[in-house]
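Below: the structure, in structure tokens.
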Amino acid sequence: GLTVVPGLGPRLAHATEAEVTDVITEMLGEMPAEGAISIDLPEIAENGNTVPLSVEIDAPMTADSYVQDIMVLADGNPSPRVAQFHFTPMNGKASASTRMRLVQTQNVVVVARMSDGQAMMASKQVKVTIGGCGG
Amino acid sequence: AGLRRAAAAQALTQDDLLRFDPLGQVTLLHVTDVHAQLMPIYFREPSINLGVGAVEGKPPHVTGTDFLTMFDIPRDSPECHALTNVDFVDLARTYGKVGGLDRLATLVNAIRAERPDNTLFLDGGDTWQGSYTSLQTNGADMVRAFNALKTDAMTAHWEFTYGQDRVQEIIDGELNFPFLCGNVIDAMWEEAVFESTQMFERGGVQVAVIGQAFPYTPIANPRYLMPDWSFGIRPELVQEHVDNARANGAEVVVLLSHNGFDVDRKLASLVDGIDVILTGHTHDALPREVKVGKTLLIASGSHGKFLSRLDLEVKGGAVTDYRYRLIPVFSDVITPDPDMAQVIADIRAPYEAECTRVLGQTDDLLYRRGNFNGSFDDLICQALLEERDAEIALSPGFRWGATLLPGQDITVDDVHSMTSITYPNAYRMAMDGATLKTVLEDVADNIFNEDPFYQQGGDMVRVGGMGYAIDIRKPMGDRISDMTLLSTGEPIDPARNYVVAGWASVNEGTEGPPIYDVVSRYIEKHGTVSVPENTTIKIKA
Amino acid sequence: MARIRPRVRVPGEAAAGDVVEIKTLINHPMESGHRKDEDGNPIPRQIINRFEALFNGQEFFSVDLYPSVSSNPYISFFAKVDEAGEFTFRWHDDDGSVYEETKGIALS
Ligand SMILES: [Mn+2]
Ligand SMILES: [Mn+2]
């Protein structure tokens, strides 16, 4: 019999780049420059319901100077905020992982704030595809 | 043709194929993407293999006479036939079939006999899937054959489509050699699932082989078959494996990869310390290595049609010289290895009558490989349209499947070489025009995205009952235009529902008869099939 | 809802000064608030909204989570271990529940 195509439902209302900008400027007062944040995300999501993300910044993590916050945003989800990690020197390493939902192909934006107030950002596109082809 | 074939056969010998001036301490032998082809076949290389962005016009994105020119290969030569589609039917009748694991065994054993302490034989994966017998035995036939070849290590892609339990069962109980997939981690705790690296000593040299499974297995194939495992390219992890191998004394580091050629070319530029990448997945056959920095990329074709031999000279812990040959496995001039011939006969015995059952004949050349519809795909689409009473047919852009010459019988083996998968259901569903466009755009971006890390390495989805135009250089969403329903000549209406039949859906619970039965029934009904040249896809490149 | 069961992986011991990886998981639907039930009524949001990690009573890492975090939220991070002691992990649910797990670590 006839069925409908699975996995291609109507597009949800989603956040915009402008909303992402709003969240960042609310956090930092202004948009930071691009910086050395390592974002480990697959280029193509295996499963849009659970996309693994790791972020890392090569920073000393001493009482004098450490990474304080890393905020993760997604510009194509219903709302832009995904997670905000709060670090201390006791972490030893400014690195964390989680898994997130991505309802469609979009940019994941990562913003970091250091203990001295300096900030930076980076982003990476993740494709959410229908799948099914191959060599 | 008879005289010419005799002359060609005389001109080409097993010794010619094996001729090689040995070099250094290590001989790497590589096959990949055999797709369960135990027996000799015909295999036509693509006439169209488009590269985008930085790789446009670079190997392997060169075909036909351009390929002959680039690699200085004379027309009508054995190399011309092995490596291109030029004069394919004529030269196939001249040079005969290619592949067959008993022939491959002869070559491997001869090289091993010459270099007993120096040789490593490595399999790049896509080995267990692609035939009637492999499907019937859940891959056990190929495991047995590659055990008999005394394979030293393998990596994987289609292997996973037997399901994670079966893969684990084979590794635990049937496989005599390491299954290396350093880029596969468990989806819950993100820890290694398989061994990444195997160290070998050859000719007094420590050789590390690191396995890299197809990064997009759970996307290109059904994720429900390997739900607990996560894949990905993971360049940082590859670097970690390379660094560990060096720290453990490796003087040569080999990446046995199923990434696909363009992905490996980019990976080679990101990871330090890999001497050789034995590439796989995209089925490219290149007669010369491609060098990225200090890394050699080797592309050994598919379907058992080629054996790569790479000799390495190592001094002071570094590769100082190398010599490479891509050896075409011309079945007719190689004496089959009797032990392997017996293994193959034993494997096929229970299925031989069914495998060789003749379903019909073909008037035309039937092949698949190429970026757009091949003629066997057109036949599958014809079968889907007719047998499933559909307006439009979709058939996946797989790169595997043997070639049939005009006038040849079509057997069950032949249909299975094109359709043998563990999720074969031929669905029938309503799809609106907008969704059809989305599907074509999505697949096109998986092939023609300028960044190879966003490519999945297949070919364009094959379409029956519908024509379209494609501009491969446009961004996603803008590549496809002029979609037309061929039965009426009308443009595809984004809002209208069409009856679409297809197969190889990655969605669990897809219903419908197996595609191999659909295609077999169609051929039996028609007796002799013809496939006119497909002129319904307009390509702007 | 299935019984909420947090799980953590922490090395049993570490040398003083080592930076160790900690992995945590909690089974939870992370109901986003964006979905509708079969009758078309919105399903209210219920997520884990905050995670905290403490060592010997001192909070050293926390996360604010939003509905885009996947169900069964997974969080991994690092800790510099200078002394033996006990890690405490806390997950805060929208419904006010707090789930807690502890793990000791020895010095090697
Ligand atoms: Mn393959
Ligand atoms: Mn493959």
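Any idea what the alpha-carbon Rg over 2.2 N^0.38 Å comes to for chain B?
After normalising by residue count via 2.2 N^0.38 Å, the value is 0.93.
Calculate the length of the line joining the C-alpha centroid of segment B:99-153 to that of segment A:58-135, in whole Å.
Answer, in whole Å: 45.
At 1.4 Å probe size, with the rest of the protein present, what percent of the exposed accessible area of segment A:17-126 is carbon and sulfur atoms?
Answer for segment A:17-126 is 43 percent, counting heavy atoms of protein chains only.
With a/c under 1.5 counting as rounded, go ahead and sort segment A:17-126 into rounded, prolate or oblate using the C-alpha gyration tensor (a ≥ b ≥ c being the square roots of the eigenvalues; past the cut-off, prolate if a/b is larger than b/c, else oblate).
oblate
Hey, got the average number of other protein chain Cβ atoms within 10 angstrom for residues in A:99-110?
Per residue, the average neighbour count from other chains is 3.
Tell me whether segment B:409-460 comes out rounded, prolate or oblate; compute the Cα gyration tensor, take square roots of the eigenvalues as a ≥ b ≥ c, and use a/c under 1.5 as the rounded threshold.
Verdict is oblate for segment B:409-460.
Could you tell me the relative contact order of segment A:62-135? Use alpha-carbon pairs under 8 Å, at least six residues apart, and round to a whole percent.
33 percent
Which whole-number value in Å² is the accessible area per residue of chain A, probe 1.4 Å?
42 Å²
Quick check: Cα centre of segment B:32-66 to Cα centre of segment C:35-81, how many Å?
Using only Cα atoms, the two centres lie 48 Å from each other.
Quick one: Karplus J couplings for segment B:127-134, per residue in order, coefficients 6.51, -1.76, 1.60, θ = phi - 60°, nearest Hz, x for Gly and Pro?
9, 8, 10, x, 9, 4, 5, 5
For segment B:442-513 and segment B:186-221, write down the distance between their C-alpha centroids in whole Å.
33 Å
Am I reading the A/C interface right? What is its buried accessible area, both sides, 1.4 Å probe, to the nearest 100 Å²?
2300 Å²
Using r as the Cβ-Cβ distance of A:D58 and B:V358, and R0 as 45 Å, what FRET efficiency do you calculate, to the nearest 0.05?
Once rounded, the FRET efficiency stands at 0.10.
Under the Karplus relation 6.51 cos²θ - 1.76 cosθ + 1.60, θ = phi - 60°, what is the ordered set of whole-Hz ³J(HN,Hα) values for segment A:51-60, x standing for Gly and Pro?
Once θ is set to phi - 60°, the couplings for segment A:51-60 become 9, x, 10, 10, 10, 8, 10, 7, 9, x Hz.
Between A:Q104 and B:D517, what is the label-to-label distance in nm when each label sits 7 Å out along the Cα-to-Cβ direction?
Each label point is offset 7 Å from its Cα along the Cβ direction, giving 3.9 nm.
Using a 1.4 angstrom probe on protein heavy atoms only, which residues from segment B:184-203 are buried by at least 30 Å² of accessible area when all chains are present rather than their own chain alone?
Buried on complex formation: B:M188, B:W189, B:E190, B:E191.
Quick check on the protein assembly as shown: helices-only [θ] at 222 nm, where DSSP H runs of length 4 and up contribute -39,500 (n - 2.57) each and the sum goes over total residues. Nearest 500, please.
-6500 deg cm²/dmol
How would A:T105, B:T279 rank on accessible area, largest to smallest, probe 1.4 Å?
Correct descending sequence by accessible area is A:T105, B:T279.
Give the accessible area for B:R388 in Å² (nearest 10); use a 1.4 Å probe, count only protein heavy atoms, and leave out ligands, DNA and RNA.
50 Å²
Can you give the FRET efficiency for C:D94 and A:D22, using 1/(1 + (r/R0)^6), R0 = 22 Å, r = Cβ-Cβ distance, to the nearest 0.05?
With a Förster radius of 22 Å, E is 0.40.
Say each of C:I4 and B:E313 gets a label point 7 Å from the Cα, pointing the same way as Cα to Cβ; how far apart are those two points in nm?
6.8 nm
Need one value: the accessible area of B:D517 in square angstrom, 1.4 angstrom probe, rounded to the nearest 10.
70 Å²
Rounded to the nearest 100 Å², what is the buried accessible area between B and C, both sides summed, probe 1.4 Å?
600 Å²
So what is the relative contact order for segment A:4-135, in percent, with contacts set as C-alpha pairs under 8 Å and at least six apart?
30 percent
What total accessible surface area, summed over both chains, is buried at the interface between chains A and B, computed with a 1.4 Å probe and given in Å² to the nearest 100?
Buried surface at the A/B interface: approximately 2800 Å².
Assign one of three labels to segment B:356-540, namely rounded, prolate or oblate, based on the Cα gyration tensor with a ≥ b ≥ c the square roots of its eigenvalues; rounded applies when a/c is under 1.5, prolate when it is not and a/b is larger than b/c, and oblate otherwise.
Cα axes put segment B:356-540 in the prolate bin.
Within 10 Å of each Cβ of B:219-232, how many other protein chain Cβ atoms are there on average?
Average neighbour count from other chains, rounded to a whole number: 3.
With a 1.4 Å probe on protein heavy atoms only, tell me which residues of segment A:67-90 lose at least 10 Å² of accessible surface in the complex relative to the chain by itself.
A:N77, A:P78, A:S79, A:R81, A:V82, A:A83, A:Q84, A:F85, A:H86, A:T88, A:M90
Taking amide hydrogens as modeled 1.01 Å from N in the peptide plane, which residues meet the under 5 Å criterion relative to B:M466, leaving out close sequence neighbours?
Under 5 Å from the amide H of B:M466 lie the amide H atoms of B:A393, B:L486, each far enough along the sequence or on another chain.
Starting from the Cα of C:D82, step 7 Å along the direction of its Cβ; do the same at B:R75; then give the gap between the two resulting points in nm.
7.9 nm
Just how much of B:R103 is accessible, in Å², when a 1.4 Å probe is used and the result is rounded to the nearest 10?
My reading of the accessible area for B:R103 is about 40 Å².
What is the average number of partner chain Cβ atoms found within 10 Å of a Cβ in C:73-83?
Mean shielding by partner chains, rounded to a whole number: 6.
Could you please state how large a percent of the accessible area of segment B:356-540 is carbon and sulfur, counting protein chains only and using a 1.4 Å probe?
Carbon-and-sulfur percentage of accessible area, whole number: 47.
Any chance you could give the angle, 0 to 90 degrees and rounded to 10, that helix B:261-270 forms with the longest Cα principal axis of chain B?
Its long axis makes an angle of about 50 degrees.
What residues qualify as long-range amide H neighbours of A:T129, i.e. H under 5 Å apart, gap of 5 or more or another chain, H built at 1.01 Å from N?
Hits under the 5 Å cutoff: A:A45.
Tell me the relative contact order for segment B:38-102 as a rounded percent, counting alpha carbon contacts under 8 Å between residues six or more apart.
With pairs under 8 Å counted, the relative contact order is 46 percent.
Show B:E490, B:E533 ordered by accessible area, largest first, where the area counts protein heavy atoms only and the probe is 1.4 Å.
B:E533, B:E490
Amide H to amide H under 5 Å from B:E195: which residues, 5+ apart in sequence or cross-chain, H placed 1.01 Å off N in plane?
Here the answer is B:C181, since their amide H atoms fall under 5 Å of that of B:E195.
Averaged per residue, what accessible surface does chain B expose to a 1.4 Å probe, in Å²?
34 Å²
The values are calculated or read from the model by the stated rules, or taken from the named source; none is laboratory data. What you see is a predicted model; the values in this text were computed from it and never measured. Here the Cβ is made from the backbone with ideal geometry for all residues, glycine too, and neighbour counts use every protein chain on show. We work out accessible area using only protein heavy atoms, side chains counted, and drop any ligands, DNA or RNA first. Shrake-Rupley method; radii C 1.70, N 1.55, O 1.52, S 1.80 Å.
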